[in-house]
């Protein structure tokens, strides 16, 4: 049986590895658009700061694929899928038949409609090398601008501070993660950034970049700003052209069940590109983070080899902006929650937001309150009814357990 | 039973907690949002970023899987002679 995996990131590579572990007789083909062996995108900020050398970001050697009997096609992408005749067309003109197909294509970074030297993105190793070059050309004290209010914006803020570049951050909403966080939490983050020397411009749209050959500034809906370097973090989008055309059902991501099966037979999807049914929070969610990608890869391998096991994971993502730890656990979709309650207030050193559905905790965001992490993760896992003791939970000075 | 040393590089750890999810008897997050090493869920002394312990082969496999799942490769595992088992050098 031949399993074709589209996407050589951590989800696709884990699926390939696990498939061979479960059944060495399987023929596994791994198609990777990036012409590089698997590396950790999470290590890229460490690489820019010089904490690890370039070779340390790689998690697999190029020889690993052959040693493990995985046919690796680097630098190749899929251009179309024919589900009736079970084959994919590749960018090199070949047609590749499959018995099972796993889509693990991740997402593409959203770009501004204009470009200029000095504008940077932060998704892959190429972006990172480019940014490193820009940073090396930018003397400390030069003005930097960050555009975006999410995880990548935090990375830029930390990197620019590390390089002593005075930074202004602009984003569309009132605060970071505008559709997830309450105004109280958003204000806490804004205040923390301001206290640490960052100029924060909420409700601001980037309209234009200035400069002839190199960036000299940006024009925003709130005026002009000088900028030698601009870090853009506007999220990712799914390149769904060939996927939707083939009839694979998509919503915000490719729709699957808890075993990562799509609506079409023998076609599966995992990783950042997927919107899967999560039995822990009893809803279809997206979970674009490292551990989720690994667990998706392992779970789909079990589905394909006949050892079906639904996904069991309380997904979490952790980041840090200038010393403020921020942790997202479980399902933090505000619209899908019946109620969101706060533990702490803007004036405190931290706030935890709890997302409740049908009386159970389904998600949480912790800002500067790391000690809440373990008990809240357990509560989400065990579908703990917390409605009756909300008074105690909302008191930030009372321990959760 | 193999005797191993498990060490977390605090500077590399970003608090992703993947090791804790995969191997909860060996790792836990502390209040600094860093992973600490436990001895099979027991805490004979204060939590630590480095611990030497005797483990069964199956426990070692789980600890290795926890280390392999770390996106910043912040978990190091050494054998009794001090040879680095993970990450591969």
* Those residues of the stretch A:294-315 which are modelled with pLDDT of 95 or more and within 30 Å of residue A:187 (Cα to Cα), in sequence order -> A:314
* Asked: In the stretch A:135-189, which residues are in a helix (DSSP H, G or I), surrounded by 19 or more Cβ atoms within 10 Å (Cβ to Cβ) and without any contact (Cβ under 8 Å) to a residue 60 or more places away in the chain?
  -> A:186
* To do: From A:260, A:176, grab the single residue that is under 23 Å from the mean Cα position of the chain (by Cα) and at positive phi.
  => A:260
* Structure fact -> Of the listed residues (A:325, A:275, A:347), the one being surrounded by fewer than 24 Cβ atoms within 10 Å (Cβ to Cβ) and part of a loop (DSSP other than H, G, I, E, B) is A:347
* Structure fact -> Checked A:377, A:352, A:319 against criteria (within 14 Å of another protein chain (Cβ to nearest Cβ), in contact (Cβ under 8 Å) with a residue 24 or more places away in the chain, part of a strand (DSSP E or B) and surrounded by fewer than 24 Cβ atoms within 10 Å (Cβ to Cβ)); the one match is A:319
* In this structure, is residue A:284 within 14 Å of chain B (Cβ to nearest Cβ), touching a strand residue (DSSP E or B) at 6+ places or on another chain (Cβ under 9 Å) and outside any loop (DSSP other than H, G, I, E, B)? -> no
* Spans of strands (runs of 3 or more DSSP E) in the stretch A:32-134 with at least 3 residues away from chain B (no Cβ under 14 Å) and surrounded by 13 or more Cβ atoms within 10 Å (Cβ to Cβ) -> A:70-74, A:78-82, A:87-90, A:100-103
* Is it the case that residue B:3 is away from every other protein chain (no Cβ under 14 Å), at pLDDT 95 or above and either closer than 25 Å to residue A:44 by Cα or surrounded by fewer than 22 Cβ atoms within 10 Å (Cβ to Cβ) (or both)? -> no
* Hey, any hits in the stretch B:53-70 for a residue that's under 27 Å from residue A:368 (Cα atoms), within 14 Å of another protein chain (Cβ to nearest Cβ), outside any helix (DSSP H, G or I) and at pLDDT 90 or above? -> yes
* Asked: Listed residues A:33, A:95; which is on the phi < 0 side of the Ramachandran plot and out of contact with any strand residue (DSSP E or B) (no Cβ under 6 Å at 6 or more places or on another chain)?
  -> A:33
* Asked: Quick check: anything in the stretch B:11-27 out of contact with any helix residue (DSSP H, G or I) (no Cβ under 7 Å at 6 or more places or on another chain), more than 28 Å from residue A:312 (Cα to Cα) and within 14 Å of chain A (Cβ to nearest Cβ)?
  -> yes
* Could you list all residues from the stretch B:60-89 that are out of contact with any strand residue (DSSP E or B) (no Cβ under 9 Å at 6 or more places or on another chain) and over 19 Å from residue A:298 (Cα atoms)? => B:72, B:81, B:83, B:88, B:89
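The values are calculated or read from the model by the stated rules, or taken from the named source; none is laboratory data. Bear in mind the structure is a predicted one, so any value in this text is a computation, not a measurement. Virtual Cβ from ideal backbone geometry, glycine too; neighbours counted across all protein chains shown.
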